[in-house]
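Reading through the structure tokens given below for one structure.
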Amino acid sequence: MERKTHQKQSILNALYALSGTHPTAENVYEHVSLLIPTISRATVYRVLNQFAGQGTVLQLHVPDSGDHYDGNTEPHLHLLCGSCKRVTDISVPGFNPLELAQAESSGCRITGFELLFLGLCPDCAAE
Ligand SMILES: [Zn+2]
Ligand SMILES: [Zn+2]
């Protein structure tokens with residue numbers, strides 16, 4: 001396999017392996033560098049940005065901790081835990097922010113959303 005293709009595939013695999021944890025670029029780099037010790041941090045960051053631009057992965061902008069990535073590109077909702085700072089998927093049945101926003105009437109064309117609920121993840125909430 002061509003080297004670049006191989007690197008990209010490994011980065012994508014790392015995202016799927018870390019799926020559910022919403023890794024930062026740094027987390028992905030740590031994972032991939034175990035498999036490809038020669039890969040540079042800059043490459044991982046660049047490829048992740050590319051993937052995000054293409055819609056191959058979701059990019060979440062998290063206050064104070066930078067960008068997190070999600071291999072699950074189905075529209076879904078996130079919660080930022082105020083205690084452990086993890087980003088968790090949450091499901092709110094029947095709540096579709098995109099649909100709600102598209103019904104608004106200001107003339108804007110809405111194509112996506114970025115929404116981060118704040119609270120405690122199940123582990124921290126149980127403490
Ligand atoms: Zn937590
Ligand atoms: Zn997610």
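Worth pointing out:
- Computing FRET efficiency as 1/(1 + (r/R0)^6) for Leu98 and Tyr45, where r is the C-beta to C-beta distance and R0 is 25 Å, gives about 0.35.
- Note on Ile36/Tyr16: beta-carbon distance plugged into 1/(1 + (r/R0)^6) with R0 of 22 Å gives a FRET efficiency of 0.85.
- Unit charges on C-beta of K, R, D, E only; dipole of the chain, Debye: 540
- Expected 222 nm ellipticity per residue - DSSP helices of 4 or more, -39500 (n - 2.57), all of the chain, to 500: -12000 deg cm²/dmol
- Calculated P(r) tail over 25 Å for the chain, as whole % of Cα pairs: 33
The numbers here are math on the coordinates, done by the rules we state, and not lab data. It should be emphasised that the depicted structure is a prediction, and the values quoted were computed from it without experimental measurement. Using ideal geometry, Cβ is built from the backbone for each residue, glycine included, and neighbour counts are taken over all protein chains shown.
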